[in-house]
1. From the list T223, T174, T211, pick out the single residue that is in contact (Cβ under 8 Å) with a residue 24 or more places away in the chain and assigned to a loop (DSSP other than H, G, I, E, B).
2. Cβ-Cβ below 6 Å, separation at least six or inter-chain, first residue in segment 244-265 and farther than 18 Å from T211 by Cα, second open to solvent by 40 Å² or more (accessible area, probe 1.4 Å): which pairs?
3. Criterion first (part of a loop (DSSP other than H, G, I, E, B), at pLDDT below 95 and open to solvent by 30 Å² or more (accessible area, probe 1.4 Å)) does D249 satisfy it?
4. Picking from K270, K257, K264, which residue would you name as being closer than 19 Å to G25 by Cα and basic (K, R)?
5. For segment 235-246, name all the residues that are open to solvent by less than 90 Å² (accessible area, probe 1.4 Å) and more than 12 Å from the ligand (Cβ to nearest atom).
6. Name, by its number, the condition in (1) over 11 Å from I77 (Cβ atoms); (2) among the charged types (D, E, K, R); (3) at pLDDT below 95 that does not hold for D149.
7. Could you figure out which of (1) open to solvent by less than 40 Å² (accessible area, probe 1.4 Å); (2) more than 9 Å from the ligand (Cβ to nearest atom) isn't true of A261?
8. Could you tell me whether D130 is of a type in the set (D, E, K, R), touching a His at 6+ places or on another chain (Cβ under 8 Å) and either within 19 Å of L115 (Cβ to Cβ) or open to solvent by 10 Å² or more (accessible area, probe 1.4 Å) (or both)?
Amino acid sequence: MSQPDVIALLKKAKENNNHFTFLVGAGLSAESGIPTFRGEDGYWVIGSKNYHPQEMATRQMFTKHPKEVWEWYLSRIKAYGKSIPNEGHYALVEFEKHLQGQFSLVSQNVDGLNLKAGNSIDHFYPIHGDLTFIRCFNECSDELYKIRDFFNPEEEITKETFDRLVCPKCKGITRPHVLWFDEAYDEKFYRLNSVLEIAEKTDVLFTIGTTGTTSLPHHIFQTALQNRTLIIDINPDDTIFSQVLYEYDNGFVIREKSGSALPKILKRMKI
Ligand code: OAD
């Protein structure tokens, strides 16, 4: 399918009141200077051992080394605090306005940049959580607290920082509001059921800057294939999604960075 064809299909889908879902991953934030998950992200040292993010971001590791795991997250929160949304994030804000109620944004990113750019919380599904929030580790309640009320990303991390990271209700330990690798998706924190419903009603699926390796994104993609949904993948590299789309007659692969591809598509949809 050529690019003019896909723009015509997108315009027609909008006119027909079809539902557009944007599934985004770490690639969307790459142009804001945030390393992708599976890129050269480096290790984290505890004692004399090096750990991968996949080992750090687990309930098991937090239970054994809460301060060290918190320190790792706080260093990421400091980096995210300095980062600003890029053209891809801003294009998604404009897509939301253009598509009105026909829009859902399903994000695997925990950097908070989609809301910082201006997407509304009403159509936003942060399926892996959001590092701008913390919650009670023991779940004395489901309440989310803003990290900024406990920690300023500008400050140095000291022993006193950890003393402040206590649950306001039960005074027990808190945890970052993110899905760990040894945990399961649920509705109350990660909107699992809502996202499964969105996947079923999606008529146009954009997959943007993601390798599609986690189970819920994979399910959204599979549902779209089964429903013969129009799928557009935006990524400078091949992924398991694009490999499938090359063989799918209602799919389109755009080999480009999201910061340049998304504004162009939107502009052409509006003409
Ligand atoms: P990955 O790091 O696996 O993939 C990032 C993708 O972004 C790659 O396919 C890159 O080619 C692409 N990319 C890089 N720069 C880009 C750009 N400027 N524009 C568009 N694409 C670009 O990140 P995710 O797929 O998001 O889960 O990883 C998914 C999940 O894996 C994460 O949320 C995390 C991890 O397991 C949890 O923490 C539960």
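The values are calculated or read from the model by the stated rules, or taken from the named source; none is laboratory data. Values in this document were obtained by computation on a predicted structure and should not be read as measured data. Here Cβ is always computed from backbone atoms with ideal geometry, including for glycine, and neighbour counts include all displayed protein chains. The area values use the complete protein model at the heavy-atom level, side chains included, leaving out ligands, DNA and RNA. Shrake-Rupley method; radii C 1.70, N 1.55, O 1.52, S 1.80 Å.
1. Numbers: T223 fails: assigned to a loop (DSSP other than H, G, I, E, B); T174 fails: assigned to a loop (DSSP other than H, G, I, E, B).
Only one candidate qualifies: T211.
2. Once the first residue is farther than 18 Å from T211 by Cα and sits in segment 244-265, its partners that are open to solvent by 40 Å² or more (accessible area, probe 1.4 Å) give N250/R228; P263/E87.
3. Numbers: part of a loop (DSSP other than H, G, I, E, B): yes; at pLDDT below 95: yes; open to solvent by 30 Å² or more (accessible area, probe 1.4 Å): yes.
Answer is yes for this residue.
4. Working: K270 fails: closer than 19 Å to G25 by Cα; K264 fails: closer than 19 Å to G25 by Cα.
Sole residue among the options that is closer than 19 Å to G25 by Cα and basic (K, R): K257.
5. V244, L245
6. (3)
7. Unmet for A261, out of (1) open to solvent by less than 40 Å² (accessible area, probe 1.4 Å); (2) more than 9 Å from the ligand (Cβ to nearest atom): (2).
8. Numbers: of a type in the set (D, E, K, R): yes; touching a His at 6+ places or on another chain (Cβ under 8 Å): yes; either within 19 Å of L115 (Cβ to Cβ) or open to solvent by 10 Å² or more (accessible area, probe 1.4 Å) (or both): yes.
So D130 fits the description; yes.
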